Amino acid sequence: MRRILVLSILVVLTFSVYGKGKQHLLTVLFTNDFHAMAWRFDEPNNPGIGGLAAQKTLVDQIRAEVRAKGGNVLVVSSGDITLGDPRSNVCENMPTVRGMNLIGYDAMAIGNHEFDFGLEVFHKMKKEANFPFLSANIYEEGGTKAVGQDILQKTFDDGLRVGILGLTTRETEQITAPGLLGNLIMTDPILEAKSRIPMLRKNNDVVIVLSHLGFYDTDKSFDGFYGDNYLAKTVPGIDLIVGSHTQRHFTVPVKIGDTQIVQTEGLGKWLGRVDLTIKGGKIVKSDYKVYPINLKRKRVSGKKVVYEYIGEPIPENRAMLDMLNGFKCDFPTTQIGTLNRNLSGAREEARGQETELGSIIADIMRERAKADVAFLNGGSIRMGLEKGVLTERDIYNVFPFMDTLFIAELTGQQLQQVLDVFAEKGSGSPGFLQVSGLELKLFKGAALDIKIGGKPLDPKKKYRVAINSFIAGGGDGYTILRNITTKRDTGFNIPAIIVDHLKANKTLAKPQMGRITIVK
């Protein structure tokens, strides 16, 4: 009788504990749109930022902290790890992949830029990686072979089960060489998610999507592709979407139903962190934080310039530096073109008037983006080009910043507002614009007689506009562009675009001038 009573009590206690569920802690560390920025780099007024060496130090610190508390750590990327620092490009992105191996990434979504160097290089990268490349909706060989793994299911030592799905934008078919050649077959990412999430939900405590779809304020991007908010609204059962592609910087997660969506501006400038407390297969608590990786603020006191860290300074990991510096990824010194004249890049010219070099760069941006209009801030041009042989190093000296090409959709009214900001700045400002596809007059702080493609600006018409990432993010006072949501980052590095143009055309043709008239 006593034995039966003891057994009954044990059964009740066991059921009670099991019913409440064991508590698990999961920390998800993420990066997105890294774009091969393996080494630390400089931005205007922001030197020595990012890089895998500092990122490894930070990840190691957080991993140790979480594990000391009995928690689990998952390190993931939502894609576009390639096409940025030319040193990584030259070495077929191996510095970036091996750096991610050293950090200990668990999984990565396949981004559209992973294919920019061709399928052969893509498969080399995938083979080199110690983590799976995930995408449920990309196929090759006529649609018979998946280019990567669709899902990852991981069980931690404490029994926590996490299911991860990778998705990639269908835009990949239209903006990558393998896609344009028909070597990639894309299926609907939303349908793929609907077919897999129920299974992942059934078998796991936490379900994560590594999404390279982009985040938009409407169901679709302005050019017609579904994004993360539509995914969250139409596919139940997703706990966390780690987003990318649009490089929207969220300081707090976007919550749609029971799904959280996170993303940063990318380029390895931030490490995102999501802390989840899971009990009984449900998330009962969630915290979010983004860490700046050696970002700085410029302070001017008299004639002295000081750069103050935003957050704590992060030392660089020696093993990572040794690995990266072991690569010989120098710029190719072979001739890629010639020039029959000198092109000035003098500071006072690029920031004060329409220049031949600035017009050429703007024309190349407009051509690559298939845009109506293109412009960039003159302050991004740092050197000119001399007559004679041209190499890749020459081009990167002209435009040393790793700005990428943004495409935006602006109404004529919005475009007028941007150009009025330009007019207010006037000559001498780093925000003086070099333009393509438009003509205008600057008079007493106003932009007048604006013509697009030879026709007067229509306030109600929508125009496709190409801009560099610095001003797209509000740089040089163009805050109106920072607040525009109908824009996306192509990820194409602007000096790389110029190099491609030069390789194809063998020279930089003389542009038509007379685009900007300054009325005094």
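The values are calculated or read from the model by the stated rules, or taken from the named source; none is laboratory data. Quick caveat: nothing in here was measured; it's all calculated off a predicted structure. All Cβ positions, even for glycine, are placed from backbone atoms using ideal geometry, and neighbour counts span all protein chains on display.
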When the range 111-135 is checked residue by residue, the ones that are modelled with pLDDT under 95 and outside any helix (DSSP H, G or I) are Asp116, Phe117, Gly118
Single match in Lys202, Lys220 (criterion: among the basic types (Lys, Arg), out of contact with any Lys or Arg (no Cβ under 6 Å at 6 or more places or on another chain) and under 17 Å from Ile238 (Cα atoms)) = Lys202
Test result for Ile364, under 30 Å from His113 (Cβ atoms), surrounded by 19 or more Cβ atoms within 10 Å (Cβ to Cβ), under 22 Å from the mean Cα position of the chain (by Cα) and not assigned by TED's automatic domain parsing to the domain that holds Ile241 | yes
Among residues of the range 226-250, those that are within 17 Å of the chain's Cα centre (by Cα) and in a loop (DSSP other than H, G, I, E, B), counted | 9
Out of the residues in the range 251-264 that are in contact with a strand residue (DSSP E or B) (Cβ under 9 Å, 6 or more places away or on another chain) and not in a strand (DSSP E or B), which is farthest from Gly51 (Cα to Cα)?
-> Asp258
Residues located in the range 210-257, provided they are at pLDDT 95 or above, charged (D, E, K, R) and over 22 Å from Thr187 (Cβ atoms) = Asp239, Lys255
Can you give me the number of residues within the range 272-308 that are out of contact with any Gly (no Cβ under 9 Å at 6 or more places or on another chain), at pLDDT below 95, of a type outside the set (Lys, Arg) and on the phi < 0 side of the Ramachandran plot?
-> 5
Among the residues of the range 199-248, which ones are over 28 Å from Gly280 (Cβ atoms) and free of Cβ contacts under 8 Å to residues at least 24 places away in the same chain?
-> Thr218, Asp219, Lys220, Gly224, Gly227
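Residues are listed down the side, and each one gets a yes or a no for (1) out of contact with any strand residue (DSSP E or B) (no Cβ under 7 Å at 6 or more places or on another chain); (2) over 17 Å from Leu29 (Cβ atoms); (3) surrounded by 20 or more Cβ atoms within 10 Å (Cβ to Cβ):
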position: Leu271; (1), (2), (3): no, no, yes
position: Gly280; (1), (2), (3): yes, yes, no
position: Lys289; (1), (2), (3): no, no, no
position: Ser301; (1), (2), (3): yes, yes, no
position: Val306; (1), (2), (3): no, yes, no
Within the range 377-482, which helices (runs of 4 or more DSSP H) (wholly inside it) include 1 or more residues that are out of contact with any Gly (no Cβ under 7 Å at 6 or more places or on another chain) and under 20 Å from Pro47 (Cα atoms)?
-> 392-398, 469-472
Do the conditions hold for Lys289, that is, is it of a type in the set (D, E, K, R) and either over 17 Å from Val73 (Cα atoms) or free of Cβ contacts under 8 Å to residues at least 12 places away in the same chain (or both)?
-> no
Considering only residues that are in contact with a Phe, Trp or Tyr (Cβ under 8 Å, 6 or more places away or on another chain) and aromatic (Phe, Trp, Tyr), look in the range 70-124 and name the one that is farthest from Thr264 (Cα to Cα).
-> Phe122
Scanning the range 28-53 for residues that are in contact with a Gly (Cβ under 6 Å, 6 or more places away or on another chain) and small (Gly, Ala, Ser), the one surrounded by the most Cβ atoms within 10 Å (Cβ to Cβ) turns out to be Ala38
The number of residues in the range 132-169 that are over 25 Å from Tyr226 (Cβ atoms) and crowded, with 20+ Cβ neighbours inside 10 Å is 1
Output the residues belonging to the range 259-291 that are within 15 Å of the chain's Cα centre (by Cα) and not hydrophobic (A, V, I, L, M, F, W, C).
-> Gln263, Thr264, Glu265, Gly266, Gly268, Lys269, Gly272
